[in-house]
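Following: one structure in structure tokens, then a few remarks.
The values are calculated or read from the model by the stated rules, or taken from the named source; none is laboratory data. These numbers were taken from a predicted model, which means no experiment stands behind them. We place every Cβ from the backbone using ideal geometry, glycine too, and count neighbours over all the protein chains shown.
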Amino acid sequence: MTLTAPYTIDAFHADALAILEKLGHSSEARAQIRARLEQLAQQPGILPDIALERLHSTGSTATILREGKNGEGALMLLALPAEAPTPIHNHNTWGVACVIEGTNRYWRWERLDDCSDPARADIRLVEVFDHTTGQSAEWGDPPQDLHAQQGVDGTAYEFVFFGRNPQLQPRAYFDPDTGEVTYAFATDQMK
Ligand SMILES: [Fe+2]
């Protein structure tokens, strides 16, 4: 690839899988993938048509665009409307989210308990920040994989790259007031 050639979803995903194969799920691999995801999100016209078809959907919508063997290295397209934030949830894996269009507000939460009780969690808000086209947010493996997101002044579209496809196992949802944790499989319609 020359410096002037467009960077495609297929090229990014091939690069990401090659990086994981060479470096494992290391911090160096994550940094290299994050840089490439930021490059991908800034390509003119990169927003897949599938996002536009769902423009009028309610709630956040997500579609896995590519994934490697056994769900490793999954690339998701995520649309985050401005009406309400997602619930606080986990992903059972590390990941990085980069905005394609719009502005995303990102709430990073962390667990303070020892994770021994699957039905209860003591969590606190660590930071809130907005990011826009080409800017990313990264989270670590469990239990550092808690967050909430919302579009600002309109729907935000993101590419999200996960170490492993998060839709292969139940997602946890956290109530910060009661400490209750509930579980559900994510589908294309994530409420
Ligand atoms: Fe998420």
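Would you be able to say whether some residue in the range 88-103 is free of Cβ contacts under 8 Å to residues at least 60 places away in the same chain, among the β-branched types (Val, Ile, Thr), within 29 Å of Ala5 (Cα to Cα) and surrounded by fewer than 16 Cβ atoms within 10 Å (Cβ to Cβ)?
The answer is no; no qualifying residue exists.
Out of the residues in the range 121-147 meeting the condition of being crowded, with 19+ Cβ neighbours inside 10 Å and either small (Gly, Ala, Ser) or at pLDDT below 95 (or both), tell me which one is farthest from Tyr173 (Cα to Cα).
Ser136
When you go through Ala186, Ala148, Ala172, Ala137 one by one, which is the residue that is within 12 Å of the ligand (Cβ to nearest atom), of a type in the set (A, V, I, L, M, F, W, C) and part of a loop (DSSP other than H, G, I, E, B)?
Every option except Ala186 fails the conditions.
Out of (1) at pLDDT 95 or above; (2) hydroxyl-bearing (Ser, Thr, Tyr); (3) within 16 Å of the ligand (Cβ to nearest atom), the odd one out for Thr8 is which?
(3)
Tally the residues that are of a type in the set (A, V, I, L, M) and away from the ligand (no atom under 12 Å from the Cβ), restricting the search to the range 72-97.
Matching residues across the range 72-97 total 6.
Are any residues in the range 26-49 crowded, with 17+ Cβ neighbours inside 10 Å and part of a helix (DSSP H, G or I), and if so, which ones?
Ala29, Arg30, Gln32, Ile33, Arg34, Arg36, Leu37, Glu38, Leu40, Ala41 - these are the residues of the range 26-49 that are crowded, with 17+ Cβ neighbours inside 10 Å and part of a helix (DSSP H, G or I).
Of everything in the range 76-91 that's of a type in the set (A, V, I, L, M) and within 14 Å of the chain's Cα centre (by Cα), which residue is farthest from Asp49 (Cα to Cα)?
Ile88
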